[in-house]
1. Within the range 20-31, is even one residue touching a residue at least 24 places away in the same chain (Cβ under 8 Å), among the aliphatic types (A, V, I, L, M) and in a strand (DSSP E or B)?
2. Conditions first: (1) over 18 Å from Thr46 (Cβ atoms); (2) among the aliphatic types (A, V, I, L, M); (3) at pLDDT 80 or above. Leu81 passes all but one, so which condition is the exception?
3. If I go through the range 7-52 residue by residue, how many of them are under 12 Å from the mean Cα position of the chain (by Cα), surrounded by 14 or more Cβ atoms within 10 Å (Cβ to Cβ) and either at negative phi or at pLDDT 85 or above (or both)?
4. Name the single residue, out of those in the range 133-172 being at pLDDT 75 or above and among the charged types (D, E, K, R), that is surrounded by the most Cβ atoms within 10 Å (Cβ to Cβ).
5. Every residue in the range 108-118 that is surrounded by fewer than 17 Cβ atoms within 10 Å (Cβ to Cβ) and at pLDDT below 85, please.
6. Considering each residue of the range 107-128, count those that are outside any loop (DSSP other than H, G, I, E, B) and not polar (S, T, N, Q), and give that number.
7. Can you find a residue in the range 96-105 that is assigned to a loop (DSSP other than H, G, I, E, B) and farther than 21 Å from Gly61 by Cβ?
8. Looking at Gly60, Gly69, which is the one that is among the small types (Gly, Ala, Ser), farther than 29 Å from Ala135 by Cα and at pLDDT below 85?
Amino acid sequence: MRRVWLLLAALVAATGLALGAAVWFGVPLDGGPLRQIPLGQPVTVTLPERGAMLWVTTEGGRVSCEIVGVQPERGLSSLMLPDQSLTARTDGQTWHPAMLLTAYPPGEYTLTCTSSETSLATAEAPLIRDFRTRAVALLAAAMLTVAGLGTAAIVALRSGASGRRAGGPGWS
């Protein structure tokens, strides 16, 4: 039974370390593939529940989008992204986040986007997309790692104590 607990503790600690490393080194975690969209022309974009991220090729680039036709019930919400540490690479090109778009209800909307940039792309928003979500993910990763290591230490101490009580090595 002790081996099962040690294996479980190692699995929890390894999961925490892997999540922490992925977040620390900027892996976006679950963003969709980038799809380039034309500037100044209407284009149909899927806005999922957690939103769509607009990406530009210049760090700090700005984008403005308007809905064409049917408006969502509660409107279009846009959030400029000041955290530029997140990047995506596709086809040898580096992309930087510019804006997070959400709409209620989620679905397909026709947008016209303008920007001073020459290239614009969209993708489903990644789970880790700004400083706040990165900090929460790092905290969760640290807690998983500590829980795994703590469980391993407790199992090791208890197995050592039970061995001494039963007349194990080191006791006469």
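The values are calculated or read from the model by the stated rules, or taken from the named source; none is laboratory data. Not measured: the values here are computed from a predicted model. Backbone-built Cβ (ideal geometry, glycine too); neighbour counts: all protein chains shown.
1. no
2. Failed condition: (3).
3. Number of matching residues: 9.
4. The extreme case among them is Arg134.
5. Ser116, Thr118
6. Looking only at that region, the number is 9.
7. Yes, because at least one residue in the range 96-105 is assigned to a loop (DSSP other than H, G, I, E, B) and farther than 21 Å from Gly61 by Cβ.
8. The match here is Gly69.
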